[in-house]
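Data block below; observations after.
The values are calculated or read from the model by the stated rules, or taken from the named source; none is laboratory data. Everything numeric here is computed off the predicted structure, so don't read it as measured data. Positions of Cβ are generated from backbone atoms using ideal geometry, with glycine treated the same way; all protein chains shown enter the neighbour counts. Heads up: the accessible areas ignore ligands, DNA and RNA and are worked out on the full protein's heavy atoms, side chains in. Shrake-Rupley method; radii C 1.70, N 1.55, O 1.52, S 1.80 Å.
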Amino acid sequence: MVDEIFRIIEKETVRQRETLMMIPSENYASRKVLEALGSILQNKYAEGYPGRRYYQGQKFTDKVENLAISRAKKLFNVAHVNVQPYSGSPANAAVYFALLDRNEKIMGLDLSCGGHLTHGYPKITFSGKYFNSVSYQTGKNGLIDYDEIESIALKEKPKLIIAGTTSYSRIVDFARFGQIANKVGAYLLADIAHIVGLIIAGVHLSPVPYADIITTTTHKSLRGPRGAMIMVTKKGLKKDQGLSKKIDRAVFPGLQGGPHENVIAAIAVALGEAGKEKFKKYGRQVVKNASRLADELAGLGFEIVSGGTDNHLMVVDLRNKRIGGKVAAELLEKAGIVVNANSIPHDSNPPLAPSGIRLGTPALTTRGMEEKEMVQIAKWIDIILANPHQAVQIKKAVKELVKNFPIPDFP
Ligand code: DSN
């Protein structure tokens, strides 16, 4: 008898196949990534690092981990890579614990302006409770104000500045962040979880020349398994020769036990795929699709935070449409368009009932969709939010559209 769990997974497969996956942090991993993830490597404990393990039987796990590390070093041109963090939050935690003592100061983008919980969100996260967190915000125009960041940094003298976003649709100026960090003597951490694929594709400025440390998840625009990496740049190593060691120690044994070598193998597969020309083309198309979607929505009277997008996502301020973000996201889901409700900068509504939605194109682009499909999707979004009763009809149209764009490896 088939375990019930596989029936549920089959239903989830159908859901992913028949809907438009537009949450910007989601994507479709290749069959090869999934094969590595579901491989026998998951049976192995491997505390430590290649060549320095605590348990026997590491002949092949060492090869797997070394391959993932060497592919990442080559792809990003960095000095040192740790591929063991279980995901993005533990990766950021490891960086903080490597560099800071309790109550030392970090400075990141406010959550409501597009930062992340781990960038210092106060009171309820380790990053805001254990460390002294000061944040910077986006301006009324929705843009990061670098002069403002510089003046806060000069006043607050943080030990670590975080340049990273989860719902910001413009290019992050890592060069300017680097100047600010240098000026105040802070470490610069670039959290590129959302934009890593765009950086590889050359359609977003790379932080490598400017940051000391880079963290990224591996399952968003990189299309790998759910995991993360911490990279130490040549600049970072020049500044602090002990940096790589501090990072490795903070990951293991500081925060984690045995690394998930099956995940690390899948990261290596994803990095191999990302090194190909085809991936660069994919990254370019992600940006073209987002730009077209934002333009079309704006043409239909939607207010895009900051006026548009340079990357893979956009946040739509729905206040002029007189509909809340959560209600809008639920309506869109009825039509097979899956987005997430999202705060707009300085939102007066709470995070569970925010004023906007966040949309992205990485997953749709993996399915082969291009600008023409973005025009159609924008029209559907407009119709559904104005006439909720049309959701069922549009769901049928969505199902027809996606038939032409199968999930790669899942025909
Ligand atoms: N949850 C992720 C996102 O959706 O952006 C951030 O970690």
### Message
Any residue at all in region 2-11 that's open to solvent by 30 Å² or more (accessible area, probe 1.4 Å), away from the ligand (no atom under 16 Å from the Cβ), modelled with pLDDT under 95 and in a loop (DSSP other than H, G, I, E, B)?
### Response
yes
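Quick grid of which residues meet (1) touching a helix residue (DSSP H, G or I) at 6+ places or on another chain (Cβ under 8 Å); (2) open to solvent by 10 Å² or more (accessible area, probe 1.4 Å); (3) among the aromatic types (F, W, Y); (4) under 23 Å from L41 (Cα atoms):
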residue	(1), (2), (3), (4)
S169	yes, no, no, no
F174	no, no, yes, no
T216	yes, no, no, yes
L222	yes, no, no, yes
V232	yes, no, no, no
P253	no, yes, no, yes
### Query
Would you call K245 among the basic types (K, R), open to solvent by 20 Å² or more (accessible area, probe 1.4 Å) and farther than 18 Å from L100 by Cβ?
no
### Task
Return yes when R15 is of a type outside the set (V, I, T), loosely packed, with under 13 Cβ neighbours inside 10 Å and under 22 Å from H219 (Cβ atoms) and no when it is not.
yes
### Task
State whether one or more residues within region 296-308 are of a type in the set (A, V, I, L, M, F, W, C), closer than 15 Å to V375 by Cα and assigned to a helix (DSSP H, G or I).
yes
#### Entry: Residues satisfying the stated conditions in region 51-95, i.e. within 16 Å of the ligand (Cβ to nearest atom), touching a strand residue (DSSP E or B) at 6+ places or on another chain (Cβ under 9 Å) and not polar (S, T, N, Q)
P85, Y86, G88, P90, A91, A94, V95
### Query
Limited to region 165-220, what total is found for residues that are closer than 26 Å to K32 by Cα and basic (K, R)?
1
### Task
Identify, by number, the condition in (1) closer than 30 Å to T125 by Cα; (2) away from the ligand (no atom under 16 Å from the Cβ) that K32 doesn't meet.
(1)
### Query
Are there any pairs, at least 6 apart or on different chains, whose C-beta atoms fall under 6 Å, with the first in region 282-302 and charged (D, E, K, R) and the second crowded, with 20+ Cβ neighbours inside 10 Å, and if so, which?
R284/A201; R284/V203; R292/M374; E296/A378
### Residues located in region 368-391, provided they are assigned to a loop (DSSP other than H, G, I, E, B) and either open to solvent by 10 Å² or more (accessible area, probe 1.4 Å) or in contact with a Gly (Cβ under 8 Å, 6 or more places away or on another chain) (or both)
G368, E370, N387
#### Entry: Total residues in region 121-132, condition basic (K, R) and either open to solvent by less than 50 Å² (accessible area, probe 1.4 Å) or in a loop (DSSP other than H, G, I, E, B) (or both)
1
### Query
Among the residues of region 323-330, is any free of Cβ contacts under 8 Å to residues at least 12 places away in the same chain and assigned to a helix (DSSP H, G or I)?
yes
